[in-house]
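What follows is a single structure, written as structure tokens, with notes after it.
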Amino acid sequence: MAAPLDMEPSALSLELLPTDPLLLILSFLDYRDLMSCCYLSRRLNQLSSHDPLWKRHCKKYWLISEKEKRQRNQSWKAIFISTYSDLGRYIRYYATLKKAWDDLEKYLGQWCPRMIGSLKESVREEDLDAVEAQIGCKLPDDYRCSFRIHNGQKLVVPGLMGSMALSNHYRSEDLLDIDTAAGGFQQRLGLKQCLPLTFCIHTGLSQYMALESVEGRNKYEIFYQCPDQMARNPSAIDMFITGTSYLEWFTSYVNKVVTGGYPIIRDQIFRYVHDKECVATTEDITVSVSTSFLPELSSVHPPHYFFTYRIRIEMSKDALPEKACQLDSRYWRITNAKGDVEEVQGPGVVGEFPIISPGRVYEYTSCTTFSTTSGYMEGYYTFHCLYYKDKFFNVTIPKFHMVCPTFKVSTARMVSGGAETNHNEYAVDEDEDSTDTDEYEDRRRVLDIPVPSGRCPRHT
């Protein structure tokens, strides 16, 4: 006999559903929903406490390993809850920053071991609260989270945030601990409500983070200060932008370090950027170039943008011995953003005439300035063969571009000048020639790093 058409099917009870499908469904829930299930019914409370469900969340948000779980001797759920009670406000950032710190420590342990000893232990939550009370501003959660992992570093050399050296100029930036940063918090005009993140004990250079959107800055923007050298107002400070948030600023730097984007020279991280396309090979000799912008030697007003470049000259190890040669001269073609060209020729490089033989490398550092925000250089070296004295040949130097980072002009200058200039990148129209000055510090050969002479010949 058929059932009446108006009879409703009986409701499917949760208690009647098999366990395995329910656990599979719960495994797709985020930690918030999984925790909510604990309060819906006795059955869901039991299922959501199934320990393997919390393993994924512990690894995803807190990077807890199997080894650490065994050391804690707690369930995955207990570990998640206890960690959340301490670091829950940072759950959006913790895994990303913890991985960055772990990767950096591993890399430093292999390549720059003396930096490891300069890192400071984490701070407590109440320490960060005390700093906020001291400076009268809220710290962003990604910044706080990083300092719950490591409290910056001691004021030592080399600095964690990279070095740069020329013959008469040296910069090495430390990542400031929270107390030192708070002591340098700025309330003066031009840097109002800005917190220093880094500091160089040689130059006094710092990177600052804006804690409020004032004086033309975006909240949490990170920048190098650049005083306007032509303004009478001391609060006229331009800015070279280095990051839009602490998370982006720190993790992008770490990624560049641990992927080998920056060279390690004498146990220090040097902030030269190498374009993989900036390589040229002529017969058995390869020339590659890496570059760096130096904010501490640059200015927006007047327009003066300072770049340093590092050149590597290498002969293939498979080259025949009779291919050995010596560099005689160099030729440079220097072009700024307006298309103005300067051509330079001269003997040797950095006052030297290096000999290149199979498997040997010669490196040197030089620099140039532009009155425009970008420019490029290209050219060639002239060599003569050591075995055939009368044989000369040219080796191509690949074209390499140098571009000033995004900057903002001082609101004090714009107000005083009555301008309606946009706060974004400032266009420079001054017509000045570029110069190329050899401010070199490092000349490195294979197994031979001579002390720099300090000479500064032009256009090397």
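The values are calculated or read from the model by the stated rules, or taken from the named source; none is laboratory data. Since we're looking at a predicted model, the values are computed, not measured. Cβ atoms come from the backbone with ideal geometry, glycine included; neighbour counts cover every protein chain shown. The area values use the complete protein model at the heavy-atom level, side chains included, leaving out ligands, DNA and RNA. Shrake-Rupley method; radii C 1.70, N 1.55, O 1.52, S 1.80 Å.
Quick rundown of the values:
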quantity: Cα→Cβ-extended label distance, 7 Å offset, between ARG232 and LEU26, nm; calculated: 7.5 nm
quantity: Cα-based shape type of segment 272-408, given that a ≥ b ≥ c are square roots of the gyration tensor eigenvalues and the cut on a/c is 1.5; calculated: prolate
quantity: Taking segment 9-148 and dividing mean pair separation by its residue count, relative contact order in percent (alpha carbons under 8 Å, at least six apart); calculated: 18 percent
quantity: Correct choice for mean projected area of the Cα convex hull in nm² that was computed from the model, options (1) 21.6; (2) 35.0; (3) 24.7; calculated: (2)
quantity: The chain - mean residue ellipticity at 222 nm from DSSP helices (-39,500 (n - 2.57) per run, n ≥ 4, rounded to 500); calculated: -7500 deg cm²/dmol
quantity: Peptides 136-149, 340-353 ordered by average Cβ neighbours within 10 Å, highest first; calculated: 136-149, 340-353
quantity: For ASP328, distant residues with modelled amide H under 5 Å away; calculated: THR382, PHE383, HIS384
quantity: Nearest-0.05 FRET efficiency for ASP267 and LEU386, computed from C-beta distance (R0 41 Å); calculated: 0.75
quantity: Tail beyond 21 Å, pair distance distribution of segment 53-147 (Cα, percent); calculated: 45 percent
quantity: Per residue accessible area of the chain, 1.4 Å probe, in Å²; calculated: 48 Å²
quantity: Rounded to whole Hz, the Karplus (6.51, -1.76, 1.60) HN-Hα couplings of segment 311-324, x for glycine and proline; calculated: 10, 10, 10, 9, 9, 4, 5, 8, 5, 5, x, 6, 7, 3
quantity: Computed lengthening from ILE81 to ARG42, 0.36 nm per intervening residue step minus Cα-Cα distance; calculated: 12.1 nm
quantity: Percent of Cα pairs exceeding the 23 Å cut-off, where the set is segment 169-281; calculated: 37 percent
quantity: Cα-projected label distance for LEU17 with ILE201, points at 7 Å along beta-carbon direction, nm; calculated: 6.2 nm
quantity: LYS106-ALA133 pseudo-label distance in nm [points 7 Å out on the Cα-to-Cβ vector]; calculated: 4.0 nm
quantity: Taking segment 272-408 and dividing mean pair separation by its residue count, relative contact order in percent (alpha carbons under 8 Å, at least six apart); calculated: 29 percent
quantity: Principal axes of segment 131-204: Cα extent on each, largest first, Å; calculated: 43, 33, 16
quantity: Where TRP111, TRP76 fall by accessible area, highest first, once all protein chains stay in place (1.4 Å); calculated: TRP111, TRP76
quantity: Charge dipole (the chain, unit charges on Cβ, about Cα centre) - positive-most of GLY88, ILE397, LEU47; calculated: LEU47
quantity: Normalised alpha carbon radius of gyration of segment 320-395 [divisor 2.2 N^0.38 Å]; calculated: 1.31
quantity: Segments 366-374, 208-216 sorted - mean Cβ within 10 Å per residue, highest first; calculated: 366-374, 208-216
quantity: Rel. contact order, % - alpha carbon contacts under 8 angstrom, at least six apart, the chain; calculated: 11 percent
quantity: Cα-derived Rg to Rh of segment 65-112, Kirkwood definition; calculated: 1.08
quantity: Overall form of segment 239-352 per C-alpha gyration tensor (a/c, 1.5; a/b vs b/c); calculated: oblate
quantity: Area of VAL279 that stays accessible when all protein chains are in place (1.4 Å probe, Å², to 10); calculated: 60 Å²
quantity: Convex hull of segment 94-258 built on C-alpha atoms - directionally averaged projected area, nm²; calculated: 9.9 nm²
quantity: Surface share of carbon and sulfur [accessible, 1.4 angstrom probe, percent] for the chain; calculated: 51 percent
quantity: Cα-based shape type of segment 43-92, given that a ≥ b ≥ c are square roots of the gyration tensor eigenvalues and the cut on a/c is 1.5; calculated: oblate
quantity: Cβ crowding within 10 Å averaged over residues, with 248-255, 172-179 ranked highest first; calculated: 172-179, 248-255
